[in-house]
Amino acid sequence: MPNIPSDAPAQSREFYGLLGFEEVMNHGWIMTLASPTVPTAQISLYAAADRTAPVTPDMSVEVDDVDAAYAAVRDSGAEIVHPLQDEEWGVRRFFVRDPDGRVVNVLSHR
């Protein structure tokens, strides 16, 4: 899922609504839009910096087992940008830097 910085989240929500996306989460600093027919098709809009991590990720990838993904990534020697932790909105996540320098938010819903 792409994470898009947005200076105009309300207008972006309206724009992506034209493509069929609906708001499924809004914490004020991040809003997630999803397709009602394919709920895994999502876009997140960042109106502000990530509130619980040192950087705002470039994209998010949801996995079945975030603990296993964390162990595999850590053991590979990839740079962990933000450690594995539970978030108050119901996800467990960590950030890792990919080979091109992008920060990837890897998560599972609890």
Pair list, Cβ < 9 Å and 6+ apart or interchain, from region 74-99 residues that are polar (S, T, N, Q) to residues that are surrounded by 14 or more Cβ atoms within 10 Å (Cβ to Cβ) and not in a loop (DSSP other than H, G, I, E, B): GLN85/ARG92; GLN85/ARG93; GLN85/PHE94
Odd one out for VAL81, checked against (1) of a type in the set (Val, Ile, Thr); (2) assigned to a loop (DSSP other than H, G, I, E, B); (3) in contact with a strand residue (DSSP E or B) (Cβ under 6 Å, 6 or more places away or on another chain); (4) more than 15 Å from PRO2 (Cβ to Cβ): (2)
Residue count, region 35-78 (criterion: of a type in the set (A, V, I, L, M) and not in a helix (DSSP H, G or I)): 13
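Bear in mind that the values in this text are calculations on the coordinates, not laboratory data. Computed from a predicted model, the values in this text were never measured in an experiment. Note that each Cβ is placed from the backbone with ideal geometry, even for glycine, and that neighbours are counted across all protein chains shown.
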